[in-house]
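The values are calculated or read from the model by the stated rules, or taken from the named source; none is laboratory data. Note that the structure is a prediction, hence the values are computed from the model and not measured. Cβ atoms come from the backbone with ideal geometry, glycine included; neighbour counts cover every protein chain shown.
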Amino acid sequence: MSDDNDFNKLIASSLNMGRRTFLKSSAAGAAALTAGGGLLKTDKAEAQTYEPYPTDNQMETVVTSCAHNCGSRHMLVAHKKNDVIVRLSSDDGRYQRDGCYGKDTDEEPQLRACLRGRAYRERIYCPERLLYPMLRVGKRGEGKFKRVSWDEALDFVAKKLIDIKEKYGSQAILDQSYAGSSYGVLHKSDQIDGLQGRFLGMFACRTSSWSVPSYQATTTSSKWTFGTIEDGNEDDTFAHSKLMIMWGWNPAYTFHGGNTVYYMRKAKQNGCKFVVIDPLYTDTAATYDAWWIPIKPNTDAAMLAGMAHYIFDNNLQDQAFIDKFVQGMDAGTMPDWATDSPNGKENFKDYILGKNDGQPKTPEWAEKICGVKAADIKKLADMYATTKPAALKACWGPGRTDYGEQYNRMAAALQAMTGNIGMLGGSAEGVGKAWHAEGAAYPYDQYSNIWFSSIKSDRWAYIVNNYPNVAREEAGLWPRQDNLDGVVPNIRGIFWQGSNWLNQLTNINAEMDAIQKLDLVVCLDQTITTSGLFADVLLPICTHFERHDVALPWYKGHYYIHRPKVIEPLGESKTDFQVFTELAYRVGNMTGMGDKFGEVYNTKATRDYWNNPDPVDEDYLRTWWEDRVMQHQHVEMPWVEFKKHGVYKMKLDRPHVGFQDQIEKGIPFQTPSGKIEILCDELARISDWKKTKYGYHIPSIPKWIEPFESLNHPTKTKKHPYHLITPHPRHRTHSIFNNSAILRETYDQEITINTSDAKKLGITTGDKVEVWNDRGRLVVPAYVTQRCMPGVVSIPEGAWIDLDKNGIDRAGNPNMLTADTPSPAGSFAYNTILVNLRKTDLQHRAGWDETSVSRSHVFGRDI
Ligand SMILES: Nc1nc2c(c(=O)[nH]1)N[C@H]1C(S)=C(S)[C@@H](COP(=O)(O)OP(=O)(O)OC[C@H]3O[C@@H](n4cnc5c(=O)[nH]c(N)nc54)[C@H](O)[C@@H]3O)O[C@H]1N2
Ligand SMILES: Nc1nc2c(c(=O)[nH]1)N[C@H]1C(S)=C(S)[C@@H](COP(=O)(O)OP(=O)(O)OC[C@H]3O[C@@H](n4cnc5c(=O)[nH]c(N)nc54)[C@H](O)[C@@H]3O)O[C@H]1N2
Ligand code: SF4
Ligand SMILES: [Mo]
């Protein structure tokens, strides 16, 4: 305790540091080498012989998991000889003991890897792996680096950090750590309990990023409506649905759980009807022979409002459920305080019936907005209200839009009015998080997630480019209780850990401008990335095959997978934990804190952690298993046994259904009222929007609000007549695996265009297409099909940008075109984009490796 107090004092004094003249320049270790400088010449050309691959019985097998922010978490089995992974396979039941996870039953299905996981070896040994620390020698973004020693790289970072904090204060470093490595318990990247947040927070110089690209609309909606983001079912429950409405959900591409597709097939076999609402006729729609309802992008809240109208109009709502569990659905469920609140007088039914604004939200009204025929809206509403149990799964893509949270809230209102919540075969998703895992193996204490400013994540470039003329509501500042409340950060440096955010956030051109204004850009990654090219310092991090950890599932699945160290770290790569621990020691010693910073940062380690992390990592993981998993989750298997088994799967007494206890046992919801809040307490009580993190007004009940651009826009569509959506790629995890030629053979970066639009534009499949708006330009090959509705085009996110001299991205990354204008509630507007397009002679570049033959058999590649 006293140690912590001492440390607090040190942090406090370092916050007010005077000019530090005692920065010691510790001698750099090895002399710097220039990367790639000079070719080795040999006199003798030696013939290459291929050794036969070792057979399985000559190799050791190690059970581990796949990784990253990919929608699931599957088992990988590494077959290795000496220190080399020769091949990877997946769960087929042979690699666990005692039949623990070897079965393939409905209760315990195998965790079989997808195409990305099976291709992972290409990533471990790829030419883009970062193997040594590097310092920039050219201009930012030029991609010129020299190899340096770890000593030199870390001292450079430590001194710059101290300097920036001294000059610009505690908000000057922007933490852009994200989910590249957040589904492990020890080597963690993310904004809440990640290693980088802990380091920068303890250093007392950190601006964090609060809005989540994935699903801020959905989390906001679920928190407002249900009081939690744990609104999900386990996948197996969907096998019990009689009607499955997949709203912007395409699990055939974008995984949301480990065995979704399998349980959906079970549902189909049980006679479940499938409906897909999506501008694209997805592989999911095709697989389940779904009723496809193409919808104009971003108009989903209007269609849902039309459905609600039909249900009220025909008195099909589950009134008993509403009366018991819901707040603000109608006049009878309004709370007493609402009449006096500035923002809370209207109930949902009155809004839908048009009592106050004179505009009933009829299916005919909705048809004009969303392009879906009123008859179809009525038919779907009727099916949903009269089939039980029915699952309306309101997925995330339609919420990744301006006012996306209104779509999610409207969907939640329908789930509630039909009484399909807390029921096997129904759904309250939303977010879909079905399990609260014990998530971090290092201390989550008073030093975790300290920040001095927190911004909407996609406002960072705007803030840098316009500083100091930035209003707090434009930055989306999270309120504070101290004198930093409302202070817009003067961002001077950026740290990437487990994120490729230059590539992945909106409006890359604005980001590239902003990056040039900074004093320090640091990138910790496993491969070079497009963000990395803009860094001053590249710190090489080993993959999860090269360190010890335990893997967590992704929102669904009650299991843990052990991740032993399968091979030694490649090159000079280290773990993130090693890097931040050593940085803490260095910064501490340069600022008068001595070793204290390092010791408190990584409580179980000494400074020797740099050389020998394994015993410390083992200690963290064992303690976590024993104190958290065994104690809190009633797991009896000891740590040593778990390590032998490789996987631990919880057996549930009953299929996990979100909110079942609230409905069956009357336990209150976690909202202020204890009810499902269609009228949201928090919003209804706000009077000064500028002082909230939202910045601008948001209605207290779900409403249809026009996005800032869409196919209905009266003027913008003249210049940019097509609506671009940017779903997630099947063959990548965002930008990860973009450099895998094997995966690019399966699917190319391309623009999907409706046949009639393509005909008008003279485009056929394989033609190169230039796509542009006022924010940027790109080139991609065309895929012409009737599976995309007219007026809409689609390009998957995640391609590594590859700019030509005119700033046109030849790789086809849609974030050249997205806007950095989030919804007030924080949702990223990744799918709110108008563009124009034309056939072009400009080349497309499928990947950085120019020898890639990706889909050359289809398109013919102009290398
Ligand atoms: N246009 C458009 N853009 C989008 C989206 C969209 O729908 N449309 N979706 C958004 C969404 S939902 C998301 S989640 C984001 C994802 O955005 P990012 O998280 O930036 O995307 P990734 O490509 O997964 O990048 C993760 C990075 O972490 C690195 N990494 C992996 N493991 C480790 C590790 O252990 N340590 C370190 N230091 N690095 C590691 C990887 O090499 C990779 O470079 O993209 C967003 N971008
Ligand atoms: N293969 C793969 N799987 C992944 C990921 C990955 O990168 N690759 N990333 C993971 C992550 S981090 C996330 S956040 C999730 C994302 O999961 P989702 O958000 O569910 O995935 P998306 O592909 O962005 O969108 C799903 C569908 O929404 C549709 N859509 C887009 N705009 C609209 C609209 O306005 N209205 C309607 N009705 N539909 C619309 C798209 O056409 C698409 O078919 O996926 C996870 N799973
Ligand atoms: S879904 Fe994710 S965890 Fe599973 S194999 Fe594919 S990339 Fe790996
Ligand atoms: Mo995401």
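The rows are residues; the columns are (1) at pLDDT below 95; (2) among the charged types (D, E, K, R); (3) within 24 Å of the chain's Cα centre (by Cα).
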| position | (1), (2), (3) |
| --- | --- |
| Ile245 | no, no, yes |
| Asn259 | yes, no, yes |
| Lys273 | no, yes, no |
| Val276 | no, no, yes |
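Across segment 281-298, the number of residues qualifying as more than 17 Å from Asn754 (Cβ to Cβ) and either β-branched (Val, Ile, Thr) or not assigned by TED's automatic domain parsing to the domain that holds Pro360 (or both) comes to 2. Count of segment 644-671 residues, restricted to those that are in contact with a helix residue (DSSP H, G or I) (Cβ under 9 Å, 6 or more places away or on another chain), basic (Lys, Arg) and either at pLDDT 95 or above or not in a loop (DSSP other than H, G, I, E, B) (or both), is 0. Being touching an Asp or Glu at 6+ places or on another chain (Cβ under 8 Å), away from ligand 2 (no atom under 16 Å from the Cβ) and not in a loop (DSSP other than H, G, I, E, B) is a property that Tyr351 has.
For segment 340-362, filtered to residues that are in contact (Cβ under 8 Å) with a residue 40 or more places away in the chain and of a type in the set (D, E, K, R), the residue that is surrounded by the most Cβ atoms within 10 Å (Cβ to Cβ) is Lys361. Within segment 224-283, can you find the residues that are within 11 Å of ligand 2 (Cβ to nearest atom) and either in a helix (DSSP H, G or I) or among the charged types (D, E, K, R) (or both)? Passing the criteria: Thr260, Asp278, Asp283. Applying the set (1) in a loop (DSSP other than H, G, I, E, B); (2) of a type in the set (Val, Ile, Thr); (3) exposed (fewer than 14 other Cβ atoms within 10 Å of the Cβ) to Val640 leaves exactly one unmet item: (1). On the stretch given as segment 222-237, residues that are surrounded by 24 or more Cβ atoms within 10 Å (Cβ to Cβ) and either under 26 Å from Glu108 (Cβ atoms) or within 16 Å of ligand 4 (Cβ to nearest atom) (or both) total 6. Between Asn500, Asn490, Asn466, Asn509, the distinction of being without any contact (Cβ under 8 Å) to a residue 24 or more places away in the chain, under 30 Å from Arg136 (Cα atoms) and not basic (Lys, Arg) belongs to Asn466 only. Across segment 49-74, what is the total count of residues that are modelled with pLDDT of 95 or more and more than 25 Å from Pro109 (Cα to Cα)? Residues that pass the stated criteria total 0.
Among the residues here, Phe534 does not qualify as within 25 Å of the chain's Cα centre (by Cα) and either within 16 Å of ligand 3 (Cβ to nearest atom) or hydroxyl-bearing (Ser, Thr, Tyr) (or both). The set of residues in segment 194-218 being under 18 Å from the mean Cα position of the chain (by Cα) and within 30 Å of Gly169 (Cβ to Cβ) consists of Gly194, Leu195, Gln196, Gly197, Ser208, Ser209, Trp210, Ser211, Val212, Pro213, Gln216. The residue that is nearest to ligand 1 (Cβ to nearest atom), among those in segment 528-537 that are crowded, with 24+ Cβ neighbours inside 10 Å and either of a type in the set (Asp, Glu) or within 25 Å of Lys565 (Cβ to Cβ) (or both), is Thr529.
Matching residues to (1) at pLDDT 95 or above; (2) surrounded by fewer than 22 Cβ atoms within 10 Å (Cβ to Cβ); (3) within 16 Å of ligand 2 (Cβ to nearest atom); (4) not aliphatic (A, V, I, L, M):
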{"site": "Ser499", "(1), (2), (3), (4)": "yes, no, yes, yes"}
{"site": "Asp519", "(1), (2), (3), (4)": "yes, yes, no, yes"}
{"site": "Tyr559", "(1), (2), (3), (4)": "no, yes, no, yes"}
{"site": "Arg563", "(1), (2), (3), (4)": "yes, no, no, yes"}
{"site": "Ile567", "(1), (2), (3), (4)": "yes, yes, no, no"}
{"site": "Ser573", "(1), (2), (3), (4)": "yes, no, no, yes"}
{"site": "Gln578", "(1), (2), (3), (4)": "yes, no, no, yes"}
{"site": "Met590", "(1), (2), (3), (4)": "yes, yes, no, no"}
{"site": "Lys604", "(1), (2), (3), (4)": "yes, yes, no, yes"}
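Scanning segment 507-553 for residues that are in a helix (DSSP H, G or I) and not aliphatic (A, V, I, L, M) yields Asn509, Glu511, Asp513, Gly532, Phe534, His544, Phe545, Glu546. For segment 132-172, taking the residues that are under 20 Å from Ile515 (Cβ atoms) and acidic (Asp, Glu), the one that is surrounded by the most Cβ atoms within 10 Å (Cβ to Cβ) is identified as Asp163.
Go over the candidates Tyr407, Tyr462 one by one and state the one that is modelled with pLDDT of 95 or more, within 24 Å of Leu724 (Cβ to Cβ) and within 16 Å of ligand 2 (Cβ to nearest atom).
Checking each option against the conditions leaves just Tyr407.
The residue that is farthest from ligand 3 (Cβ to nearest atom), counting only those in segment 201-222 that are out of contact with any Phe, Trp or Tyr (no Cβ under 7 Å at 6 or more places or on another chain) and more than 30 Å from Leu683 (Cα to Cα), is Ala204. Of the listed requirements (1) modelled with pLDDT of 95 or more; (2) over 26 Å from Phe659 (Cα atoms), Ala252 misses just one: (1). If the condition is being in a strand (DSSP E or B) and among the hydrophobic types (A, V, I, L, M, F, W, C), then segment 760-796 contributes Val769, Val771, Trp772, Leu778, Val779, Val780, Ala782, Val784, Cys788, Val792, Val793.
One residue alone among Glu405, Glu438 is surrounded by fewer than 24 Cβ atoms within 10 Å (Cβ to Cβ) and either more than 16 Å from ligand 3 (Cβ to nearest atom) or among the charged types (D, E, K, R) (or both), and that residue is Glu438. Within the bounds of segment 477-491, is there any residue that is on the phi < 0 side of the Ramachandran plot, in a helix (DSSP H, G or I) and more than 8 Å from ligand 1 (Cβ to nearest atom)? No, segment 477-491 contains no residue that is on the phi < 0 side of the Ramachandran plot, in a helix (DSSP H, G or I) and more than 8 Å from ligand 1 (Cβ to nearest atom).
Matching residues to (1) part of a loop (DSSP other than H, G, I, E, B); (2) near ligand 2 (Cβ under 9 Å from one of its atoms); (3) surrounded by fewer than 16 Cβ atoms within 10 Å (Cβ to Cβ); (4) not assigned by TED's automatic domain parsing to the domain that holds Pro824:
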site	(1), (2), (3), (4)
Leu711	yes, no, no, yes
His728	yes, yes, no, no
Asn739	yes, no, no, no
Leu743	no, no, no, no
Gln749	yes, no, no, no
Ala758	no, no, no, no
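Considering only segment 789-805, I want to know if a residue exists there that is in contact with a helix residue (DSSP H, G or I) (Cβ under 7 Å, 6 or more places away or on another chain), free of Cβ contacts under 8 Å to residues at least 40 places away in the same chain and within 12 Å of ligand 1 (Cβ to nearest atom). So far as segment 789-805 goes, no, none of its residues is in contact with a helix residue (DSSP H, G or I) (Cβ under 7 Å, 6 or more places away or on another chain), free of Cβ contacts under 8 Å to residues at least 40 places away in the same chain and within 12 Å of ligand 1 (Cβ to nearest atom). Return yes or no: is Asp175 of a type outside the set (Val, Ile, Thr), in the same structural domain as Arg563 (by TED's automatic domain parsing) and buried (at least 23 other Cβ atoms within 10 Å of the Cβ)? Yes, satisfied. Scanning segment 177-216 for residues that are of a type in the set (Phe, Trp, Tyr) and closer than 26 Å to Tyr560 by Cα gives Tyr178, Tyr183, Tyr215.
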